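What follows is a short report on a single structure.
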Amino acid sequence: MESPNGNVFELSVKLKQPALVPPAKETEKGLYFLSNLDQNIAVIVRTIYCFKSDERGNEKAGQVIREALERVLVHYYPLAGRLTVSTEGKLIVDCTGEGAVFVEAEANGTIEEIGDITKPDPVTLGKLVYDIPAASNILDIPPLVAQVTKFKCGGFVVGLCMNHCMFDGLGAMEFVSSWGETARGLPLTVPPFIERNILKARNPPKIEYQHQEFSEIIDFSSSTGLYKDEMLYRSFHFDSEKLEKLKKAAMANAVLHKCTTFEALSAFMWRARTQALKLLPDQQTKLLFAVDGRSKFNPQLPIGYFGNGIVLTHSLCQAGQLLENPLSYAVGLIQEAIKMVTDSYMRSAIDYFELTRARPPLASTLLITTWSRLSFHVTDFGWGEPILSGPVALPEKEVILFLSNGKNIKSINVLLGLPASAMKVFQQLMQI
């Protein structure tokens, strides 16, 4: 990776012996139910948090964070278990209490030499997150794996490997925040609501979507030919001025009564990506995104709900329609998709998986996932808030990720990958 001074820096990390960190107290044992919303998102998410040195240095960072993990796992005890498959063919957690995997490490340089982590770099940043040797599938990877890497500058990096089936972005943020509070000797601001049976499928299951069958959302055509070139990954910064320009552009023709930042930016990225990939006018293009359903359920999910409270919804049209119409057209499609998400929609998604066991593939679509409203940047283990935080890599080539720009909640960093042949066009379209 290129360092700030232009030199090419190759990160070298020396790992110590991995260890298991069980909960500090005896916790409940046995099988732990995962909801059908959890089943849909069983992917590994790797993130890093970079902390600068203070007067204490980093010598005790590993010990402090490890001991805090032991204590916080008393509350989040399913993370100390292991994933398995139930007799019904669903992912389930066996709460064995054997513990999360924890490893300390030392790096050969300074945190500054890592470079710009706002651009995904799985080769370099991947060294800061421990991978379970010889893991052949997600069942071989514990729900939580943590690595604390000390740097020569006195700073350190916490690298986390977590399974999305255990929690969504909000749940993960609350867990990491609770871990930090525990390290600082504070009580948990948001204790986890562990029980997930509240999201069981109805008996008998019912599919009652008003707009279309859920199968239409997850039925994708082949993406053969779109990704033959080498993939390039880039980060684009949208400050508050650019975001306001997009919102004004979406509202320009008086078709829309309102427009959120997410709607305007998602519509803009959808159109730009479609144009850069040179899709044919009659080719269907689909935008898939997650909506937080916590407030959509009736009654609402409890505060601190531990699992996934999100559901996928989508917008669909022909590429020609998307590009020939103004930005407001794409925003309108997104707004209609969001309106679809009601209590009935959420429960129908739960029922649909119960009937089909179908998980949504990502072929021939764009999936936008937003972390911009998640305050991972305030995580504090006692060394202050991270100077940098973010994902190690994008989970799939069809994914665009929205991230907050540190403490500046009015700015958004957009991460994505495109074939080299399309990236040049896309970069030109970002000049607004």
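The values are calculated or read from the model by the stated rules, or taken from the named source; none is laboratory data. This is a predicted model, so every value here is computed, not measured. For neighbour counting, all protein chains shown are included, and Cβ atoms are generated from backbone atoms with ideal geometry for every residue, glycine included. Accessible surface areas use protein heavy atoms only, side chains included; no ligands, DNA or RNA. Shrake-Rupley method; radii C 1.70, N 1.55, O 1.52, S 1.80 Å.
Computed values, structure above
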read-out: The chain - percent relative contact order, Cα under 8 Å, separation 6 or more; value: 22
read-out: Amide H within-cut-off set for CYS259, under 5 Å, with H built and near neighbours excluded; value: none
read-out: Most mobile listed residue (GLN147, GLN275, GLN63) in the chain, GNM with C-alpha springs under 10 Å; value: GLN63
read-out: Sparse-neighbour loop sites [trypsin sites (Lys or Arg not before Pro); segment 381-422; at most 16 other C-beta within 10 Å; DSSP]; value: LYS397, LYS407
read-out: Exposure ranking of HIS75, HIS164, HIS257 by accessible area [1.4 Å probe, largest first]; value: HIS257, HIS75, HIS164
read-out: Cross-link reach list, lysines versus LYS90, counting only Cα pairs under 27 Å and skipping chain neighbours closer than eight places; value: LYS29, LYS200, LYS206, LYS296, LYS397
read-out: Once the Cα gyration tensor of segment 49-105 is diagonalised, semi-axes √(5λ) in Å; value: 32, 11, 9
read-out: Sulfur and carbon atoms: percent of accessible area, the chain [1.4 Å]; value: 51
read-out: Inverse of mean 1/r across different Cα pairs in the chain, Kirkwood, Å; value: 22.8
read-out: Trypsin sites (Lys or Arg not before Pro) within segment 244-324, DSSP loop, no more than 14 other Cβ atoms inside 10 Å; value: LYS258, LYS278
read-out: Candidates GLU324, GLU98, GLU70, ranked by Gaussian network fluctuation over the chain, Cα under 10 Å, top entry; value: GLU324
read-out: Whole-Å semi-axes of segment 372-432's equivalent ellipsoid (Cα gyration tensor); value: 28, 14, 9
read-out: Stretchable slack from THR87 to LYS339, in nm (0.36 nm times residue separation minus alpha-carbon distance); value: 87.1 nm
read-out: Stokes-Einstein diffusion coefficient of segment 255-330, Kirkwood radius over Cα pairs, 10 °C, 1.306 mPa s, in µm²/s; value: 111
read-out: Segment 1-142, relative contact order in percent, only Cα pairs under 8 angstrom and at least six apart counted; value: 41
read-out: Inter-label distance, nm, simple model (7 Å from Cα along the C-beta direction), HIS257/LYS25; value: 5.1
read-out: Relative contact order (%) - criterion: Cα under 8 Å, at least six apart; region: segment 267-330; value: 46
read-out: Magnitude of the charge dipole, segment 255-320, Cβ model with Lys/Arg +1 and Asp/Glu -1, debye to 20; value: 60
read-out: Per residue, in Å², the accessible surface of the chain once ligands and nucleic acids are set aside, probe 1.4 Å; value: 44
read-out: Size of charge dipole - the chain - debye, nearest 20, with Cβ of Lys, Arg +1 and Asp, Glu -1, no other charges; value: 520
read-out: As computed over segment 39-196, the Cα convex hull volume per residue (Å³); value: 128
